[in-house]
Each structure stands twice: as C-alpha cells, then as structure tokens.
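Take a look at the structure below.
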Amino acid sequence: MPLENQKIVIATRNRHKVAEIRAVLAIPGLDLIAAGDWPELPEVEETGATFADNAILKAVSAARASGLIALADDSGLEVVALRNAPGVRSARFAGESADDTANNRKLLELMNGIADRRARFRCVIALANPSGAVQTVDGVCPGILLAAPRGANGFGYDPLFIPDGETLTFAELPAGVKNLISHRARALAAARTAWFKPGGFGMPLDTCQA
C-alpha cells in the first residue's frame, strides 16, 4: 500500500509521546493523527499484564473506533533491584491519580540505600487495523538510576535515568539525542523497518490476528 496520504491514529493523548512518535516517524506521505484530535475515541483501561497486552488493547480499540489503522505504545521503567517494578504500573506507581513527581518520589524511597541502580526503559508498539489484526515491535534502553532527579526536559522517570553510554539524564539530553537512543525510538526504528518500507506501507495486517 503506498504511503501517500496514509492516515494512522496515534492512540494516546499524552502530548509528549505524540511529539516523540511524530519526530521519529516523520515519513513523507504518512499522516499521524493524535487521539487528542479525535475526541470520540474511547479511553481504554490498561488492564494487561504486559506492555504488549496494553499496547494491543489501545491500538485495536482506536482502530475499531476510528475506522483507520492505529498505532499505540505502552512503555515503562523496569528496575532490576525491584524485580522489574514498576513495569506496567509505571504511570500509576504511586497510585491511580499519581503524577510524575509522586512516582519519582516513591521510586527513590524504595531505592534508598540500594547499590544496584540498574534499570531499563521498555517500549512495545502495536499497529492494528479496524478488523482487529495487529502486530507488535519492541525496544529497550538500559541505564542506571540516580539518587536525585536532574534536568527539566522529558517526562515520567526521565530525570532519574541515565542511559548507558551517556552522562546526562533523559531529562537533560536534547530531544534530538533522546529521540535517537530511547526505548521508544528503538521500538519506532523497529516499526519503520517492519512496517514502513521504502515505497510503501509494508505491514501485512491481514495475516496476524490479535
């Protein structure tokens, strides 16, 4: 399918995620529509046990509601010393209505005095069509956690996380650098390779069912 005027719904109302996805998937002919511009799309409760489960739930729901192909991601932080917590509860680590500050505070409290600061951000991206056919790709960015936040950019746990090979946190790195090395960037790179091939839209959605 040619990419010319190909519309895809980004199934998130998180403007930071929308900006990152649009920056990495800046492909001529690909029209990425934010869920915030499509108010009739339903909110989806993230009840999955894994990032893939939640990404699929969101992508399939948005595709069926919009009648368009939809892309969704689920991502979070996995801390080795906490047995991969907060994981799928990263956004709700300190409670259902918790904000980034509360989540970061809880993480620092749990990590107080722990020498093993290894962690990784993980992202799974799902692409679905209105019939419910879906495929997924993923990306991982390993690093370490600081004992105090640094930086004013980014969101979530970015001020606490230094990716391997860098000296700055995700909240200190320029967006252009983060968009090359982040978990979401790596998952999106995998998506480009799998689905957005030179000359056309390369995903055989009719061959893989949810």
Inset, instruction - From A26, A52, grab the single residue that is of a type outside the set (S, T, Y) and modelled with pLDDT under 95. - result: A26
Inset, instruction - From (1) modelled with pLDDT under 95; (2) under 21 Å from K178 (Cβ atoms); (3) crowded, with 18+ Cβ neighbours inside 10 Å, pick out the condition that doesn't hold for L32. - result: (3)
Inset, instruction - Quick one: which residue in D100, D164 is surrounded by fewer than 20 Cβ atoms within 10 Å (Cβ to Cβ) and closer than 21 Å to V80 by Cβ? - result: D164
Legend entry - Qualifying residue in the range 167-177 (condition: modelled with pLDDT of 90 or more, within 22 Å of R89 (Cβ to Cβ) and in a helix (DSSP H, G or I)): no
Inset, instruction - Test N129 against the stated conditions and say whether it is farther than 20 Å from E20 by Cα and at pLDDT 95 or above. - result: no
Inset, instruction - Evaluate the range 65-86: report whether one residue or more is surrounded by 18 or more Cβ atoms within 10 Å (Cβ to Cβ), more than 19 Å from the chain's Cα centre (by Cα) and of a type in the set (S, T, Y). - result: yes
Legend entry - Checklist (1) under 20 Å from A52 (Cα atoms); (2) part of a loop (DSSP other than H, G, I, E, B); (3) under 20 Å from the mean Cα position of the chain (by Cα); (4) not basic (K, R) applied to P130, failing item: (3)
Inset, instruction - Tell me which of these R89 doesn't satisfy, since it passes every other one: (1) among the basic types (K, R); (2) under 30 Å from A115 (Cβ atoms); (3) outside any helix (DSSP H, G or I). - result: (3)
Inset, instruction - Could you tell me which numbered condition L173 fails, if it satisfies all but one of (1) closer than 19 Å to L110 by Cβ; (2) among the hydrophobic types (A, V, I, L, M, F, W, C); (3) buried (at least 20 other Cβ atoms within 10 Å of the Cβ)? - result: (1)
Inset, instruction - Could you identify the single residue in R117, R122 that is touching an Asp or Glu at 6+ places or on another chain (Cβ under 7 Å), over 20 Å from R22 (Cβ atoms) and surrounded by 16 or more Cβ atoms within 10 Å (Cβ to Cβ)? - result: R122
Legend entry - Which numbered condition N112 misses (of (1) more than 16 Å from the chain's Cα centre (by Cα); (2) surrounded by 15 or more Cβ atoms within 10 Å (Cβ to Cβ)): (2)
Inset, instruction - Could you grab me the full set of residues in the range 62-85 that are part of a helix (DSSP H, G or I) and at pLDDT 95 or above? - result: V80, A81, L82
Legend entry - Scope the range 102-119; condition under 16 Å from F170 (Cβ atoms) and either assigned to a loop (DSSP other than H, G, I, E, B) or among the polar types (S, T, N, Q) (or both); matching residues: N103, N104, R117
Inset, instruction - Kindly list the number of the only condition in (1) in contact with a helix residue (DSSP H, G or I) (Cβ under 8 Å, 6 or more places away or on another chain); (2) modelled with pLDDT under 95 that fails for S97. - result: (1)
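The values are calculated or read from the model by the stated rules, or taken from the named source; none is laboratory data. Given the structure is predicted, the values throughout are model-derived calculations rather than measurements. Methodologically, a virtual Cβ is constructed for each residue, glycine included, from the backbone with ideal geometry; neighbour enumeration extends over all protein chains shown.
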